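Each value in this text was obtained by applying a stated rule to the coordinates, not by laboratory testing. Predicted model, so just to flag it, every value in this text is computed and none were measured. Here Cβ is always computed from backbone atoms with ideal geometry, including for glycine, and neighbour counts include all displayed protein chains.
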Amino acid sequence: MTVFRTPDGKLTQFDFGPGGGRDIHVSGSELLSEDRPWGVRPRKCVPGEIREHQLASLPATHMYLGRTKLSLQDIRSYNDLQQQHYELHRNDCRHYVNNLVRG
């Protein structure tokens, strides 16, 4: 997740994850089934969503990355162009945040 502070001091958090806030679970039997070579994992792609929340304060453990010239509307426009499928290790929250803060 990433948090942006607007000029008026409001904190807006953006995060990307599986739709409905659910998590993806892959059981050990799915990872090591007889018809799949050891270590080859199934692709687990589900509908994703970009979440936006207002925060009262930053979490105690956070990392400052820097400033941006992007407005919240710029970020929302960027979000509208993102792939809306969530796949762990291929298109997940880390990919979303890394691409957003590089932009």
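Summary table below
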read-out	value
Highest average packing first - 11-21, 57-67, Cβ atoms within 10 Å	11-21, 57-67
Where labels lie 7 Å past Cα in the beta-carbon direction, separation of M1 and S57 in nm	1.6
